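Novice: Below is a structure I'd like to ask you about.
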Amino acid sequence: MSDKKQSEDAAVEDAHVTAGDVYPFVKQARDVAQPVPGHVRGMPPPAAPATLRPLVTVTRQSVVAAGDQFNAMAHPGFDRASVFAIGDRVQDSAGRSKAGLDRFIQDGAFAVDQHGGVSDYLDYLRAVEAIQAKAVTLGYGAQAKAIPIDTVPGGYVGRYERNDIYAAAQ
Amino acid sequence: MPPPSKPAFEVHGEIRAKYNALGGAAGPLGLPMTDESPSPDGVGKFNHFERGSIYWSPRTGPMMVRGTVRDRWAASGWELGPLGYPVQDQHRMLLLGPSPLIEWCRFEHGLIAGDSRGGLPVPMALQAPAETLGRAAAPALLSYAQLGTLFGARLNAQFQADPNNVALRPGIELTGVSDWQYGFWASTPRSVGFRLRGFHDNGLAPDTNFVIDIRLRLELVWGPSFTEPGNKTLVAVLDQLNVGHDGGLALAQVYASVESGITHAFYGSSADPHDPDHPEVPSGAIYVTNVPTGANARTGEIDVLDVLVTRNGELQVLVNPLTPPQQALSAVSYTYLRQLGVQDALDDLV
């Protein structure tokens, strides 16, 4: 087998692995639709090099399509069009992670600063510590740490039974 | 355990309820800067916030004060000063447009109005010598005795119109002034008490003599308005009424009839408005007089801010002490000028 063909086979295998890592259901579909007998890294190549390239193409699309079908059955809201290609899937995943982070920031839980750190998150932890310490002094004992600390404009609040305790964000 | 690296402050009770009602940290006050603390007078409580304070006392309730008004109140000694505790949340004049900003807060014994140039108290006696600009005018007021004459005449007119052989005897006693009473949104104002005597002519039988004990609260009301109204209405709210035996032939139906007649004057027999000529008058109150405030929603000018019954039973009209927004500060005391003008109008009333 030529080096070129070996790299194509490896690319197909890598693509499957990547897809399976992103969406586990695809991995199951890939196992069902093994494209070529003996098509495992390190095994002898098949004896039909003339049809290999179309076969690889069809197989790659079939596997992804099978995964999509499985996902569609398992998750009615699964958007097939948005993740048809492996690259799209990775991009989509990263986009959703960014959106989730933005939501976190909007909620005020923490923000990534210009150096990629989470200084506001540390500030939040200091506020929680201050609020809970104040709750202890007010006699809440073990309950001091059982109350969730919410964000408010400019700071944080713990709403206890008889007291609201505030700490400024800065 | 080491102390936390940042402070935390707590609010509770009535102050917490008022703070949350005003929007909490998202409202005008911002975040707490102190724990709830006892006032130096040993009676009240307070929290300071980023942009104001809430003061509570058992006789006034929790009230917000902020900005230049709070600064001037602090300069006068907070609740230990001549003004006492706030009795209403600070009011911001409703204007057409974003500026100028004029606010005022009524206290137990007076009022402070403020704009961006600072705050000034009224009546004038509460101002520092430098603030009076060397002039002095007595507060615009009706004395307790004048109020007695005013309401005695009103009740007498009602009795004269009654065909049931009842009449009031001349004279009216002043039975005292109550203190402010607790309120969450605003304290209930002081009420003034009066005692009147009357009789029912029973023909050949001895007269039935009765005594009326009545307490009234004097307040300004106004109809719905998106801006500060140019006219408000002074009303007398019935706070307490008792009609009892005062000698002669005891007839319970006479006492009940007199009490019913007076109550009817305050509540009417139909749903609101019970006074068709003055629909702004709430149930339980009677119209006393119209009060032009001089408010101009475009310029921010206003002459009359509120009324106040003092510990002596006087009805003071609290004028605006501030220089009009469009004019530079000068050697003119607007408190002086406005108090004189309002007193002329009050004199006409009696």
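Novice: Please name the residues of region B:19-46 whose accessible area, counted over protein heavy atoms with a 1.4 angstrom probe, falls by no less than 50 Å² between the chain alone and the full protein assembly.
Specialist: Residues losing area: B:LEU31.
Novice: Now for a separate question. How would you rank B:66-75, B:222-231, B:110-119, B:20-29, highest first, on the average number of other Cβ atoms within 10 Å across their residues?
Specialist: Top of the packing list down: B:110-119, B:66-75, B:20-29, B:222-231.
Novice: Please report the relative contact order for region B:191-296, taking Cα pairs under 8 Å with a sequence separation of at least 6, and give it as a percent rounded to a whole number.
Specialist: Reported as a whole number, the value is 28 percent.
Novice: With all protein chains present, calculate the accessible area of B:PHE184 using a 1.4 Å probe and round the result to the nearest 10 Å².
Specialist: 50
Novice: In whole percent, what relative contact order does region B:284-348 give with Cα contacts below 8 Å and a gap of six or more residues?
Specialist: Relative CO of region B:284-348 lands at 21 percent.
Novice: Same structure again: Give me a comma-separated list of calculated 3J(HN,Hα) values for region B:195-208, in order, Karplus coefficients 6.51, -1.76, 1.60 applied at θ = phi - 60°, integers in Hz, x for any Gly or Pro.
Specialist: Listing the rounded values in order: 10, 10, 10, x, 8, 10, 6, 9, x, 6, 7, x, 5, 9 Hz.
Novice: At 1.4 Å probe radius, can you tell me the per residue accessible area of region B:106-240 in Å²?
Specialist: The answer is 44 Å² per residue.
Novice: Need one number: buried accessible surface between chains A and B, 1.4 Å probe, both sides summed, DNA, RNA and ligands left out, in Å² to 100.
Specialist: Interface area, both chains combined: 1600 Å², rounded to the nearest 100.
Novice: So, with +1 on the Cβ of K and R and -1 on the Cβ of D and E, and no other charges, what is the size of the charge dipole of region B:126-191 about its Cα centre, to the nearest 20 debye?
Specialist: Roughly 100 debye for region B:126-191.
Novice: Would you mind calculating the relative contact order of chain B from Cα pairs under 8 angstrom and at least 6 residues apart, reporting the percent as a whole number?
Specialist: 15
Novice: Cα-Cα over 23 Å: which of B:LYS45/B:LYS232; B:LYS18/B:LYS45; A:LYS145/B:LYS6; A:LYS134/B:LYS18?
Specialist: Violating the 23 Å Cα-Cα cut-off are B:LYS45/B:LYS232.
Novice: Please report, to one decimal in angstroms, the Kirkwood hydrodynamic radius of region B:1-63 built from all distinct Cα-Cα pairs.
Specialist: When all Cα pairs of region B:1-63 are included, the Kirkwood radius is 12.2 Å.
Novice: Relative to the first principal axis of the alpha-carbon coordinates of chain B, what is the inclination of helix B:334-349, with its axis defined by its Cα atoms, in degrees from 0 to 90 and to the nearest 10?
Specialist: 10
Novice: Additional query: Where in region B:246-283 does the label zone of B:ALA205 land, with the point 7 angstrom along Cα→C-beta and an amide N cut-off under 20 Å?
Specialist: It comes to B:246-261, nothing else.
Novice: Would you mind computing, in nm to one decimal, how far apart the modelled labels at B:THR299 and A:ALA146 are, each placed 7 Å from Cα along Cα→Cβ?
Specialist: 6.4
The values are calculated or read from the model by the stated rules, or taken from the named source; none is laboratory data. Computed from a predicted model, the values in this text were never measured in an experiment. Backbone-built Cβ (ideal geometry, glycine too); neighbour counts: all protein chains shown. Protein only, heavy atoms only, side chains kept; ligands, DNA and RNA dropped before computing areas. Shrake-Rupley method; radii C 1.70, N 1.55, O 1.52, S 1.80 Å.
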